[in-house]
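Q: Sharing a structure with you now.
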Amino acid sequence: MSQNKKLWKDFTWPEKRKKFLLFALIFLLFYILVFSAREPKPKELKTFDITLNKEPEFKISKGKNSRYWLEIYCNNEIYELNGIDYKYLNDKFFKKIIHKDSAISISVFNNKIYKMKYKNHNLLNYDLAEIHKTKNLVFFQIIILSGFLLNVFPLFFRKAPTYTNYYSEIVEFDFIKFFAIFWIISIIVAVIYLGDFKYISSAEFIKAN
């Protein structure tokens, strides 16, 4: 370990408070970004019929964290199904039935597909996708908000809080251990709210051809 790198216990309380403030601001920024994420409302979706003039393509990005998505083509437009919505595509039915010259109905926002029907069959479960998005968003809000509050809490102490231990020694309160315990509790609460671990992920899980 570098001689210039100080251990947490070697920092003065003013130095620790600056660290807490920095991390509180980082968590606050993350929270704002997560909270500002907005999905289009049903009334904002444009619904219309299209006839595919090309075979639909299941795409996959290269790299360590692969991304999956579906592209369908009509005239000069490309419509994309990705993210959490992609999880709820009936891919087996889609691959069997939908090809070039198939006529389908889609609901889109900025050319991203949110609903898709073939005759009377829903190719995409919009309601389940929306439930997944809501629970996924709330999960990350709980985790990030708890991280923000944990880092704000020490800022209320001008001096390092202390207590007398079992050996009658006056020692500084260990916020790091407190953070670890509280954050684990926050994660447990978030998982209980989810009811299923699948809602934690926002990544696609359908394999491309």
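Q: Please report, as a whole percent, how much of the solvent-accessible surface of the chain comes from carbon and sulfur atoms (probe radius 1.4 Å).
A: C and S atoms contribute 60 percent here.
Q: Taking the Cα of ILE97, stepping 7 Å toward and past its beta carbon, and measuring to each backbone N in the range 117-131: which are under 19 Å?
A: 117-129
Q: Which value, in debye to the nearest 20, gives the size of the charge dipole of the chain about its Cα centre, when Lys and Arg are +1 and Asp and Glu are -1 at the Cβ?
A: 300
Q: For the range 1-50, list log₁₀ I(q)/I(0) at each q in 0.14, 0.16, 0.28 Å⁻¹, using the Debye formula over Cα point scatterers of equal strength and ignoring solvent, two decimals each.
A: Treating every Cα as an identical point scatterer, log10 I(q)/I(0) equals -0.61, -0.69, -1.03.
Q: Expressed as an acute angle from 0 to 90° and rounded to the nearest 10, what is the orientation of the C-alpha long axis of helix 175-194 relative to the principal long axis of the chain?
A: The angle comes out at about 30 degrees.
Q: Next up: Leaving out same-chain residues fewer than 8 places away, which lysines sit with a Cα under 16 Å from that of LYS46?
A: Of all the lysines, those that pass the test against LYS46 - Cα under 16 Å, at least 8 places apart if same chain - are LYS112, LYS115, LYS117.
Q: Taking every pair of alpha-carbon atoms in the range 1-130, what share in percent sits in each 5 Å bin, from 0 to the bin with the longest distance?
A: Percent of Cα pairs in each bin: 2, 8, 15, 16, 13, 9, 6, 5, 5, 5, 6, 5, 4, 1, 0.
Q: Still on this structure: Hey, rough spin-label estimate for ASN125 and ASN110, points 7 angstrom out along Cα→Cβ, what's it come to in nanometres?
A: My value for the distance between the label points is 2.7 nm.
Q: Taking the square root of 5 times each eigenvalue of the Cα gyration tensor, what semi-axes in Å does the equivalent ellipsoid of the range 115-171 have, largest first?
A: So the three semi-axes of the range 115-171 are 53, 12, 4 Å.
Q: Suppose the Debye formula is applied to equal point scatterers at every Cα of the range 60-178; what is log10 I(q)/I(0) at q = 0.20 Å⁻¹?
A: -1.14
Q: May I ask you to list the trypsin sites (Lys or Arg not before Pro) in the range 38-115 that are in a DSSP loop and have at most 15 other Cβ atoms within 10 Å of their Cβ?
A: ARG38, LYS54, LYS62, LYS64, ARG67, LYS100
Q: For the range 117-132, take each phi angle, set θ = phi - 60°, evaluate the Karplus expression 6.51 cos²θ - 1.76 cosθ + 1.60, and give the result in whole Hz per residue in order, putting x for glycine and proline.
A: Result, rounded to whole Hz: 10, 10, 6, 9, 9, 6, 7, 9, 8, 5, 5, 5, 5, 5, 4, 4.
Q: Work out which chymotrypsin sites (Phe, Trp or Tyr not before Pro) in the chain are exposed loop sites (DSSP not H, G, I, E or B, at most 11 other Cβ within 10 Å) and give the longest gap free of them.
A: 1-165
Q: Can I ask one more? For the chain, build the charge dipole from Cβ charges (+1 Lys, Arg; -1 Asp, Glu) around the Cα centre, then report which of ILE185, GLY195, GLY147 sits farthest towards its positive end.
A: Checking the options against the dipole of the chain, the answer is GLY147.
Q: Can I ask one more? Can you tell me what percent of all Cα-Cα pairs in the range 156-195 are more than 12 Å apart?
A: 69
Q: Name the lysines eligible as straight-distance cross-link partners of LYS19: C-alpha to C-alpha under 17 Å, and not fewer than 8 places from it in the same chain.
A: Partners within reach: LYS5, LYS6, LYS9, LYS159, LYS177.
The values are calculated or read from the model by the stated rules, or taken from the named source; none is laboratory data. The model shown is predicted, which means the values in this text are computed figures rather than measured ones. Note: ideal-geometry Cβ built from the backbone for every residue, glycine included; neighbour counts use all protein chains shown. What goes into the accessible areas is simple: the full protein's heavy atoms, side chains included, and nothing from ligands, DNA or RNA. Shrake-Rupley method; radii C 1.70, N 1.55, O 1.52, S 1.80 Å.
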